[in-house]
Amino acid sequence: MPNEEIIALEKQLEGLKSKPPGSELVSVLNKLAFFVLHSDPRKAQACALEAEDLAEKLGLPVEKAKSHRTLAIINLEEGNSVEAMSYCRKSMDIYEELGDRSGVASVYGIMANVYWTQGIIDEALENHHESLRIKQECGASKDELARCYLNIGACYSSMHRLDRAHSFYEQALEIWEKSDNREQLSYVYNNIGCLYGAKKELEKALECFQKALEIREDLGDKQGIANTLCNLGCINEDQGDSESALAFFIRSLKLYEEIGNRRGVAFTYSCLGGAYTALGRLDEAE
């Protein structure tokens, strides 16, 4: 989301804080939490927790489900998969009780990502396909369908079904290029870069990662920047340039530590160990 819109939400929130809490305050808290997920996860968590508490007190089940959904994503990124799944189930229960099929579909997508991080790719793929099926039934926007294509492609990539993955990425890419959705384009460029990396088409991979990095730096997406920097490091290492790889990994690690993404920190430490080993700096590798 553009920074000026986030600033507008923050100003709106400041004005609402001086009034008795109501549904508008909860709605703004949830919107702000969702939109700063990747730029400021700690603020996102604080807003989501406050929204969750107020939604419970004010009897706002839809807003409570949204809070749970956002908290699920935050815990997923922090590496707390058990807590993330717990929030998913809480959100799912509310959406199912309300008969909110769009809400149900969105939670299926998050649950799929939890399974994906646990390495349970078959379950992840099944949940993403279920999310896509419900969204198609509900007449979801092309943008929402593209998100499903991206996630399904990532699952197929993890299963090393690279051509199948590429076909889903291309569907997402076509939609987001037409709508000029730069945030989502950064995701699909990044994922296609990973796919080219797996195919050892390293120059194509670098080109995609550079496109993703440029967008993410422009948007201030710290988590996305960290992820793409790490991917660039891996490609440089595959090219035999461990010094350049090391520099990318160090920049990535600092960002992951700054935003508190424990999964990212753990993975980047592993990459750093490999780069130090390749350079013969074994004490630092250990």
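The values are calculated or read from the model by the stated rules, or taken from the named source; none is laboratory data. What you are looking at is a predicted structure, and each value in this text was computed from that prediction instead of being measured. Don't worry about glycine lacking a Cβ; one is built from the backbone with ideal geometry, like all the others, and counts go over all protein chains shown. Heavy atoms of the whole protein, side chains included, go into the accessibility calculation; ligands, DNA and RNA do not. Shrake-Rupley method; radii C 1.70, N 1.55, O 1.52, S 1.80 Å.
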**OP:** Would you mind stating whether Lys204 is touching a His at 6+ places or on another chain (Cβ under 8 Å) and open to solvent by 50 Å² or more (accessible area, probe 1.4 Å)?
**Re:** no
Original post:
In the list Glu24, Glu50, which residue meets the criterion of being over 21 Å from the mean Cα position of the chain (by Cα), at pLDDT 90 or above, open to solvent by 60 Å² or more (accessible area, probe 1.4 Å) and within 28 Å of Ile225 (Cβ to Cβ)?
Top reply: Glu50
**OP:** Kindly indicate the residue of segment 103-137 that is at pLDDT 95 or above and surrounded by fewer than 17 Cβ atoms within 10 Å (Cβ to Cβ) and also farthest from the chain's Cα centre (by Cα) among those meeting that condition.
**Re:** Glu137
**OP:** Please go through segment 222-281 and pick out each residue that is in contact with a helix residue (DSSP H, G or I) (Cβ under 9 Å, 6 or more places away or on another chain), closer than 29 Å to Val36 by Cα, part of a helix (DSSP H, G or I) and polar (S, T, N, Q).
**Re:** Gln223, Asn227, Thr228, Asn231, Ser252, Thr268
Original post:
Within segment 61-82, can one find any residue that is farther than 20 Å from Tyr108 by Cα and at pLDDT 95 or above?
Top reply: no
Subject >> Residue check for Ser91: hydroxyl-bearing (Ser, Thr, Tyr) and surrounded by fewer than 20 Cβ atoms within 10 Å (Cβ to Cβ) >> reply: no
**OP:** Report yes if Phe209 is assigned to a helix (DSSP H, G or I), more than 18 Å from Ala112 (Cβ to Cβ) and touching a residue at least 12 places away in the same chain (Cβ under 8 Å), otherwise no.
**Re:** yes
**OP:** Considering (1) at pLDDT 95 or above; (2) open to solvent by less than 20 Å² (accessible area, probe 1.4 Å), say which one Tyr269 fails and leave the rest.
**Re:** (2)
Original post:
So which of Ala245, Ala278 ends up being open to solvent by 20 Å² or more (accessible area, probe 1.4 Å) and either farther than 23 Å from Glu183 by Cβ or charged (D, E, K, R) (or both)?
Top reply: Ala278
Subject >> Filter result for Tyr115 (aromatic (Phe, Trp, Tyr) and over 21 Å from Leu54 (Cβ atoms)) >> reply: yes
Original post:
Would you say Arg42 is farther than 23 Å from Arg147 by Cβ, assigned to a helix (DSSP H, G or I) and either touching a Pro at 6+ places or on another chain (Cβ under 8 Å) or in contact (Cβ under 8 Å) with a residue 24 or more places away in the chain (or both)?
Top reply: yes
**OP:** Would you check if Met92 is aliphatic (A, V, I, L, M) and either within 26 Å of Phe267 (Cβ to Cβ) or at pLDDT below 95 (or both)?
**Re:** no
**OP:** Identify the residue in segment 1-21 that is in a helix (DSSP H, G or I) and charged (D, E, K, R) and, among all such residues, is surrounded by the most Cβ atoms within 10 Å (Cβ to Cβ).
**Re:** Glu10
**OP:** Kindly check whether there is at least one residue in segment 160-173 that is in contact with a helix residue (DSSP H, G or I) (Cβ under 9 Å, 6 or more places away or on another chain), over 24 Å from Gln118 (Cα atoms) and not in a helix (DSSP H, G or I).
**Re:** no
